[in-house]
Amino acid sequence: MKFRDPRKHDKGHLDFIRGLPCVTCGDDTSTEAAHVRMMDPTIGKPMTGIGTKPHDKFTVPLCSECHRTQHEQSEEDFWEGHGIDPVKLSLALYSVSGDYSAGLMIVGR
């Protein structure tokens, strides 16, 4: 029997993400931590559904407008339209969590 892997919360990382500018438009006035729900079989990341959020390490900075757009359309289409791999981006940001300068360099790419 497979048991659900409970979501891992990381308040410090979410605060770090909220301190960065939006990865799609650069706005730094209303940044939110946007959870990446899409799956990535190359790292064993499962798809998460409605009512289930992924671990907080799978978050990227989006302004409130871009975050809303991400939820209104297919997540895959949203990220593909911006040329961003959100899973790799979220893991890169998680690897430097707390280092604002390194986070800015990653978001700016």
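Consider Val107 carefully, then state whether it is at pLDDT 90 or above, surrounded by 17 or more Cβ atoms within 10 Å (Cβ to Cβ) and of a type outside the set (Phe, Trp, Tyr).
Yes: the conditions hold for Val107.
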Next item on the list: Provide a single number: the residues in the stretch 26-68 that are modelled with pLDDT under 90 and in a strand (DSSP E or B).
Entry: 2
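Could you run through the stretch 49-78 and say how many residues are of a type in the set (Lys, Arg) and in contact with a Lys or Arg (Cβ under 9 Å, 6 or more places away or on another chain)? Before you say what the answer is, go through the steps one by one.
Of all residues in the stretch 49-78, those of a type in the set (Lys, Arg) come to 53, 57, 68.
Next, from what is left, pick out any that are in contact with a Lys or Arg (Cβ under 9 Å, 6 or more places away or on another chain): 53, 57.
Number satisfying all stated conditions: 2.
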Checklist line | Complete set of residues in the stretch 8-18 that are closer than 21 Å to His82 by Cα and either of a type in the set (Phe, Trp, Tyr) or surrounded by fewer than 18 Cβ atoms within 10 Å (Cβ to Cβ) (or both) | finding: Arg18
Margin query: Can you pull out every residue in the stretch 47-84 that is free of Cβ contacts under 8 Å to residues at least 12 places away in the same chain and either out of contact with any helix residue (DSSP H, G or I) (no Cβ under 7 Å at 6 or more places or on another chain) or loosely packed, with under 14 Cβ neighbours inside 10 Å (or both)?
Written below: Met47, Ile50, Gly51, Arg68, His71, Glu72, Gln73, Ser74, Asp77, Glu80, Gly81, Gly83
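The values are calculated or read from the model by the stated rules, or taken from the named source; none is laboratory data. Because the structure is a prediction, the values reported are computed rather than measured. All Cβ positions, even for glycine, are placed from backbone atoms using ideal geometry, and neighbour counts span all protein chains on display.
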